[in-house]
Amino acid sequence: MIEHLKSPSPSRQPPTLAFIGGGNMARSLIGAQIARGAQAASIRVAEPRAEARDALAQEFGVQTFPGNADAVDGADCVVLAVKPQVLGEVCTTLAGSLRGANPLVISIAAGIRIGQLERLLGLQHAIVRCMPNTPALVGAGAAGLCANGNVAAAQRALATQLFEAAGSVRWIDDEAQMDTVTALSGSGPAYFFLLVEAMEDAAVKLGLPRETARALAAQTCLGAGRMLMESGEAPAELRRRVSSPHGTTAAALETFEQGELRALVEHALEAARGRAAEMSAELDLAE
């Protein structure tokens, strides 16, 4: 079952957030929190690259550290914003620093299971596994989250608030569904960009200037997305409304169906979900 929670009311005492990794996703979440009125002093970032630390401090005014231990000291929430390939090493170095503390730990590493994080960090920790996506950079992200049994209601609300600041949130009860979330919304923006790229290239071949083709394709997709979100209608119904019998849209859609677009999309999601499972297995082998 999937549920949608609204953002909680702001607390009087702002929680201290520690980000391990200062890449694009961390920057988007930090920027969203600052835009919502969070105090920069309550946000810490551990980032090994000096130039990245300087950029974060200058842009957001947050505290930055070259080492993880200093960043997580006294934090209410620790966000593991690193690649899956290095998460095992990061968790191993953090385990000692978090021992005896009870912060909420949120991992945004694709494919990595909560059970693996519990083995690396300790069974007592409250852990949320999250799959955000890159549109969070423009405040239009989509994040799927699931939690272990140690996550308290207030910590669940904190995780919701953190990711809703950058888009929409869906809580997922069955962690087995998280690899499908990764395949759908985590990787999904790339599928969309590929479609727009293909539309643009096709229009250029048919005679449109590239700048015009890109502008029209992008705006068309933006408008279609807004219609889907704001109308509340199923995509099949919206498609039907713009597809007059024997018209231009119907001709294009028939071509998509003949090319078995639906089956291709299904195979693509299966491939992405399978790769997420492989990444989890790779971490088991590395432990």
> Is segment 2-178 rounded, prolate or oblate when judged by the Cα gyration tensor, a ≥ b ≥ c being the square roots of its eigenvalues, rounded requiring a/c under 1.5 and prolate requiring a/b larger than b/c?
Replying inline: rounded
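Could you sort the peptides 219-230, 19-30, 103-114, 58-69 by per-residue average Cβ neighbour count (10 Å cutoff), highest mean leading? Intermediate values should be presented prior to the final figure.
Working: 219-230: 11.5, 19-30: 22.6, 103-114: 24.3, 58-69: 16.2.
Ranked from most to least packed, the peptides come out as 103-114, 19-30, 58-69, 219-230.
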> Considering the chain as a Gaussian network with a 10 Å cut-off on Cα pairs, which listed residue, Glu260, Glu164, Glu51, attains the greatest mean-square fluctuation?
Replying inline: Glu260
>> If I fit a long axis through the Cα atoms of helix 188-205 and take the longest principal axis of the Cα atoms of the chain, what angle between them do I get, 0 to 90°, rounded to 10?
In response: 30
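Which net charge results when you count Lys and Arg as +1 and Asp and Glu as -1 among the other residues whose beta-carbon is under 13 Å from that of Ala126?
On the way: positive: Arg129, Arg156; negative: Asp76, Glu118.
With Lys, Arg at +1 and Asp, Glu at -1, the neighbours total 0.
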>> Suppose R0 equals 35 Å. What FRET efficiency, 1/(1 + (r/R0)^6) with r the Cβ-Cβ distance, do Glu175 and Glu51 give to the nearest 0.05?
In response: 0.45
> Is the shape of segment 188-272 best called rounded, prolate or oblate, per the rule: a/c under 1.5 gives rounded, else a/b larger than b/c gives prolate, else oblate, with a ≥ b ≥ c the square roots of the Cα gyration tensor eigenvalues?
Replying inline: rounded
>> Using only the alpha-carbon atoms, how far is helix 153-164 inclined from the longest principal axis of the chain? Give it as 0 to 90 degrees, nearest 10.
In response: 50
>> As I understand it, the value is the acute angle between the Cα axis of helix 84-98 and the longest principal axis of the Cα atoms of the chain; what does it come to in degrees, rounded to 10?
In response: 30
>> What distance in nm separates the two pseudo spin-label positions at Tyr191 and Glu257, each 7 Å out from Cα along the beta-carbon direction?
In response: 2.0
> Using θ = phi - 60° and the Karplus form 6.51 cos²θ - 1.76 cosθ + 1.60, what ³J(HN,Hα) does each residue of segment 214-228 get, whole Hz, x for Gly and Pro?
Replying inline: 5, 4, 5, 5, 5, 5, 4, 5, 4, x, 5, x, 5, 4, 5
>> Skipping prolines and chain starts, which residues have an amide H placed within reach, meaning under 5 Å, of the one on Gly167, given they are 5 or more residues away or on another chain?
In response: Gly141
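All of the numbers you see were taken from the coordinates with simple rules; none came from a lab. What you see is a predicted model; the values in this text were computed from it and never measured. Positions of Cβ are backbone-derived with ideal geometry, glycine not excepted, and every protein chain shown enters the neighbour counts.
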